[in-house]
Amino acid sequence: MKDFDISLNDLKQLTKWVKESSDIRELSLSYNGLELFISRNESTQRSVSSDAAGTPVTTAPAPSKQEQPELNKPTIAPTASKSSPTADVSVAENEHLITAPMVGTFYMSPKPGAPAFVEIGQQVEPKSVVCIIEVMKLMNNLEAKVNGRVKEIYVEDQQPVEYGQPIMLIEKE
Amino acid sequence: MLNKIKSVMIANRGEISLRIIRACQELGVKSVAIYSEADKDTLPVKLADSAVCIGPAPAQASYQNQEAIISAALAFGVDAIHPGYGFLSEKADFAKKCEDNGIIFIGPSADIISKMGDKIEARKIADSASVPTIPGSDGAVTEFKKALEIAESIGFPLLIKASAGGGGRGMRVVESRDTLEQDLNEIMSEAEVAFGDSSVYIEKYLTDIRHIEVQLLADGDSCIHLGERDCTAQRRNQKLVEEAPSPALSTSQRNDLCQSAVRLAKKVKYKSAGTVEYVYDNIDKQFYFIEMNTRVQVEHPVSEMITGIDIIKEQIKIADNQVLNIKQEDIVLSGHAIECRLNAEDPENGFSPCPGTISYYRPPGGFGIRMDSHLESGYTIPPYYDSMIGKLICWGADRNEAIIRMTRALSEMKVEGVKTTAKFHSKLINSEQFKSGNFNTVFVASLLEKQH
């Protein structure tokens, strides 16, 4: 992909386009050291981290139930399992399974639309944040805990997760 | 059938979880069971529309973990939470958290729960609603002379309790006027030394009592009663057998008792199902308010069997903001119902709990039998929670038929692999004293003593 600079005019155009597109509630863009975030959700607050590799400080990226009752009301538990949440995941000796330490909502990225914390194949360190679990509007960062590479991601962004549900498999290195 | 509530999360386990799931199914409401890791293969998890694991086995980390349950309700998008009994059912702060997060708590408001949960506050409300309370001091008494005055006006025997005491500490029974001054002096100075507070409560000491309670349904405006339940057959304050109607009350006493419970509920604009508990003094034939339970109770089926009213469904409809469409005159008490609480305990060995695997289970059946249980063959009773494995409820045209039917059902039922209290229950309800209907709260203890 060829590099090109974004002018202020481009940003204005982009903002105008978002403003006119009623089906966009939030937009997040990260490009060449520039970060842009546009939201219609008035109560949504966030802090922007300029260092993409750093651990982001997250403040309520999740649209809460009261703010967006229609848009984001989750449907009931199509994913809630009736057997053990860990039933169909096998973990080899050189692998580390990350499970949900609490019941809540899973987020792949520090804020909606932003790049995911990790992708399959990505290298992680013990302190690497791999996802967020929201518990009663509190954002809990989950860390990889081991050195390795992301092998599997079992859940989708914004999906409700049960206690003990497999989230990610890390191949240890 | 329901307006706002389309889905209910059941914040409980075992038979009551199943009871609520069944009510939801009949109301056309989605049921979401929660479960701990120890309960993943249980009947409620299998029968609910969906189920969510909320934590590890210990109750503090799962069924009593308010954050986990609210988080599950929000993440999985339910409209309401039914707390069942025990666990979080009477925690005002949990009801408040539900309210704050836009989840309907199926029960009264946090405000009512905390008001009625405060014994002194509840007694004041009862007094103001002309509900009889045990004769005694209005709150704590700090002055010796005042305490003496109150004590003399109540009569003997008396119970003196240090305000700051509890769990049996700082309590004394005064048998007669002779020792009153000395006893009072001692207990007040002991309390001063032990708790830094010499104030005491004084009340009439009741020695020959029954435990009787009134089932209510209230929508915040109107309130009806479903008659009383008699829970006198207890062991160490644990109810073993409950029945309705009480064999001790006359029609006019029943009427007075139930009316007083309705007055209390109306006084606080109570909204939900609830129970007002009383002690009934066999000696002076009077009933006295002790507390209000702001939840559904273990023994609620007894009232359902003699009235035909589904208390859980009515409770959910009230939480859905519907007006109670049953009138007091619609309630007809019919026949007699008895409930035995079956526990996985060994009556031969001090009722010690017997967790383990049920190798075979055959439920009892037939006319007038209701078995509320989460048991199945192969089910393993976990050691983390209480030992109740189910409730056997029998209806009969009269008390005698109910006893005979219960005896028949208890012998028909088979639970193999663990020890249960079934045989003990059979002995209990067939004892001369139980059959006579004439007994008090120490009757089970004396029955056990006779056996050994």
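Miscellaneous remarks
- Number of residues in the stretch A:134-161 that are surrounded by fewer than 19 Cβ atoms within 10 Å (Cβ to Cβ), at pLDDT 95 or above and over 15 Å from A:A100 (Cα atoms): the value is 4.
- The lone exception for B:Q25 - which of (1) closer than 25 Å to B:L392 by Cβ; (2) surrounded by 18 or more Cβ atoms within 10 Å (Cβ to Cβ) it fails: (2)
- Considering each residue of the stretch B:260-274 in turn, at least one proves to be open to solvent by 10 Å² or more (accessible area, probe 1.4 Å) and in a loop (DSSP other than H, G, I, E, B).
- Yes/no for B:D256 being in contact with a strand residue (DSSP E or B) (Cβ under 9 Å, 6 or more places away or on another chain), open to solvent by less than 20 Å² (accessible area, probe 1.4 Å) and assigned by TED's automatic domain parsing to the domain that holds B:K327: no
- Hey, A:K127 in a loop (DSSP other than H, G, I, E, B), more than 14 Å from every other protein chain (Cβ to nearest Cβ) and at pLDDT 95 or above or not: yes
- The helices (runs of 4 or more DSSP H) falling completely within the stretch B:393-452 that include 1 or more residues that are in contact with a Phe, Trp or Tyr (Cβ under 7 Å, 6 or more places away or on another chain) and surrounded by 15 or more Cβ atoms within 10 Å (Cβ to Cβ) map to B:399-412, B:422-429, B:432-436.
- Filter result (more than 25 Å from B:F76 (Cα to Cα) and either of a type in the set (D, E, K, R) or within 12 Å of another protein chain (Cβ to nearest Cβ) (or both)) within the stretch A:130-173: A:K145, A:R149, A:K151, A:E171, A:K172, A:E173
- In the stretch A:102-124, residue most open to solvent (accessible area, probe 1.4 Å) [restricted to those that are touching a residue at least 60 places away in the same chain (Cβ under 8 Å) and within 14 Å of chain B (Cβ to nearest Cβ)]: A:M102
- Scanning the stretch B:215-250 for residues being more than 22 Å from B:S272 (Cα to Cα) and aliphatic (A, V, I, L, M) gives a total of 5.
- From the list B:I150, B:I113, the lone residue that is closer than 30 Å to B:H82 by Cα and aliphatic (A, V, I, L, M) is B:I113.
- The stretch B:30-149 holds helices (runs of 4 or more DSSP H) entirely within its bounds, and those carrying 1 or more residues that are modelled with pLDDT of 95 or more, within 14 Å of chain A (Cβ to nearest Cβ) and crowded, with 18+ Cβ neighbours inside 10 Å map to B:43-47, B:66-75, B:92-100.
- Test: residue in the stretch B:417-424 that is at pLDDT 95 or above, outside the structural domain of B:R22 (by TED's automatic domain parsing), over 22 Å from B:C231 (Cβ atoms) and β-branched (V, I, T): yes
The values are calculated or read from the model by the stated rules, or taken from the named source; none is laboratory data. Values in this document were obtained by computation on a predicted structure and should not be read as measured data. Glycine gets a Cβ as well: all are built from the backbone with ideal geometry, and neighbour counts include every protein chain shown. Accessible surface is based on the protein model in full, side chains and every heavy atom, while ligands, DNA and RNA are left aside. Shrake-Rupley method; radii C 1.70, N 1.55, O 1.52, S 1.80 Å.
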